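The values are calculated or read from the model by the stated rules, or taken from the named source; none is laboratory data. Bear in mind the structure is a predicted one, so any value in this text is a computation, not a measurement. Here the Cβ is made from the backbone with ideal geometry for all residues, glycine too, and neighbour counts use every protein chain on show.
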Amino acid sequence: MLIGIVVGYAINLSLTNNKFEYDKSNLSSISNPEIKKQVTAAIIKYEEKIFKESKKIVASNYSILSDIFLHLIKMIIAPLVLAVLVIGVAKVGDFKSVGRIGLKTLIYFTSATLIALAIGLVIVNIFEPGKVMHLDRPEANVETGVTITKQSPSNFIDHVIPESIMRSMAANDILPIVVFALFFGVAAASIGDKGKPIIKAFESLSDIMFKVTNFVMNFAPIGVFGAIAAVVIQQGLDVLGGYLYLILCFFGGLLFFVFVVLLIICYSFKINYFKLLRDIKEPILLAFSTASSESAMPQTIEALEKHGISNRIVSFVLPLGYSFNLDGSIMYMTFATVFIAQSYGMDIGMADQIKMMLILLITSKGMAGVPRASLVVIAGMLSMFKIPGEGLLLLLAVDQLLDMGRSATNVVGNAVASAVVARLEGEKF
């Protein structure tokens, strides 16, 4: 990470010092001051576009390293989730037991989601970053690059229940894999001795995938370097100054959730929270560095099992958490939506904010498998509450950095969820 920051900043500085500048001496021949002003503005805009594109091209050479690492991780996810979940469900045994654990898990997920949504609203209402920062508003109707996907019962079902398990695995769509694995695991356990060979086969597959994970994790430092360097080359460190107040507000909210809310939850269930954090520190750092909760999933499974939580709980709760319990991302949705409204001088009343929170409680679950899910859901909220959609551009400059924080929080939130459900099932660790 540190080497990536240093290298990225050095390259960004070099590109800035060698920035293309158009020879403006010929403008002296323009006598009309208004025309001269317009031409100068157009030239400056063109220079900025060239500068931005050059940074993007150079950054892409470094982001290849992180892309390779993330592709390797995605290669692991589907077979690993299928294997560990089938084994976990088969060990639970029957639909009654699975239903009991599933109900406890979903109750916890819903409670944690509501708390995260509420904290996002409280932070943005108290500190009002949209009003304090006075950011320049983007031009009206400018393209944000984020497509709004309206949620409906039909496409929610499409996202949850797989038509083809192969297609779901090819797309790394975790929730349909979870649904299939639940049925498959219970069926394998219910046929007794006839199901044991297939369960043993999945145990072997699980062991093999964890070994593959160990091979892939050797590439993690290079992937982290590439991800960080690419971001700093494109954004520089100056962007932190302009958005420092926003960053502090949001990261303050994440830290409050991690070190106050989750600490209280763990204390209530007699869980040694700081020992749990120590055991999952590597997955947390990996998620933070790569801005991807998914990249840390295999390591999180291993870390939680080493912590003492049973395979049947970890393999059930954790994959489900990647669709239903992304606490950092959830908090960002309410925070970002109200922030953009504040930036446009719009006042979102308390009744509308509660409505927004309840809508997000549902829609965020259906969007979990969509790339850039947080931004897609936020775009939908902007449209629903008549907030200018181009306001999303106010966040894009620092979205990668904010994504690092929310990805790390997602990992901690799902680890705590696994520990809580394990406690509710009477496990001691």
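When the helices (runs of 4 or more DSSP H) confined to the stretch 158-262 are screened for residues that are within 21 Å of S315 (Cβ to Cβ) and hydrophobic (A, V, I, L, M, F, W, C), those reaching at least 2 such residues are found at 165-170, 174-190, 196-217.
Having 1 or more residues that are without any contact (Cβ under 8 Å) to a residue 40 or more places away in the chain is the bar; report the helices (runs of 4 or more DSSP H) wholly within the stretch 287-383 that clear it.
Values: elements: 297-307, 311-324, 327-343, 350-366.
Where helices (runs of 4 or more DSSP H) fall fully within the stretch 287-383 and carry at least 1 residues being without any contact (Cβ under 8 Å) to a residue 40 or more places away in the chain, they are 297-307, 350-366.
Taking only pairs six or more apart or across chains, which ones have beta-carbon atoms under 9 Å, a first residue in the stretch 112-141 that is under 19 Å from I330 (Cβ atoms) and in contact (Cβ under 8 Å) with a residue 40 or more places away in the chain, and a second residue that is among the basic types (K, R) and buried (at least 17 other Cβ atoms within 10 Å of the Cβ)? From residues that are under 19 Å from I330 (Cβ atoms) and in contact (Cβ under 8 Å) with a residue 40 or more places away in the chain, the pairs are T113/K365. The set of residues in the stretch 405-427 being of a type in the set (V, I, T) and closer than 12 Å to I265 by Cα consists of V416, V420, V421. Taking the stretch 169-200 as the range and being free of Cβ contacts under 8 Å to residues at least 60 places away in the same chain and surrounded by 13 or more Cβ atoms within 10 Å (Cβ to Cβ) as the test, the residues that pass are P176, V179, F183, A187, K196, I198.
So in the stretch 362-380, with the set limited to residues that are at pLDDT below 85 and over 22 Å from I177 (Cα atoms), which one is surrounded by the fewest Cβ atoms within 10 Å (Cβ to Cβ)? Ranking the qualifying residues of the stretch 362-380, first place goes to V376. Only a single criterion out of (1) over 30 Å from A188 (Cβ atoms); (2) within 23 Å of the chain's Cα centre (by Cα); (3) surrounded by fewer than 18 Cβ atoms within 10 Å (Cβ to Cβ); (4) among the hydrophobic types (A, V, I, L, M, F, W, C) is not satisfied by I50, namely (2).
Does D352 meet the test of being of a type in the set (D, E), out of contact with any Ser or Thr (no Cβ under 7 Å at 6 or more places or on another chain) and either closer than 23 Å to V412 by Cβ or surrounded by fewer than 22 Cβ atoms within 10 Å (Cβ to Cβ) (or both)?
On the way: of a type in the set (D, E): yes; out of contact with any Ser or Thr (no Cβ under 7 Å at 6 or more places or on another chain): yes; either closer than 23 Å to V412 by Cβ or surrounded by fewer than 22 Cβ atoms within 10 Å (Cβ to Cβ) (or both): yes.
Yes.
Of everything listed in (1) at pLDDT 85 or above; (2) out of contact with any Ser or Thr (no Cβ under 6 Å at 6 or more places or on another chain), the single unmet condition for I177 is (2). Restricting attention to the stretch 397-416, does a residue exist that is without any contact (Cβ under 8 Å) to a residue 24 or more places away in the chain and not β-branched (V, I, T)? Scanning the stretch 397-416, I find no residue that is without any contact (Cβ under 8 Å) to a residue 24 or more places away in the chain and not β-branched (V, I, T), so the answer is no.
Exactly one residue out of V84, V58, V98, V89 is surrounded by 20 or more Cβ atoms within 10 Å (Cβ to Cβ) and within 30 Å of V224 (Cα to Cα), and it is V84.
Assess whether K96 counts as being at pLDDT below 90 and within 30 Å of R423 (Cα to Cα). When the stated conditions are applied, K96 passes them.
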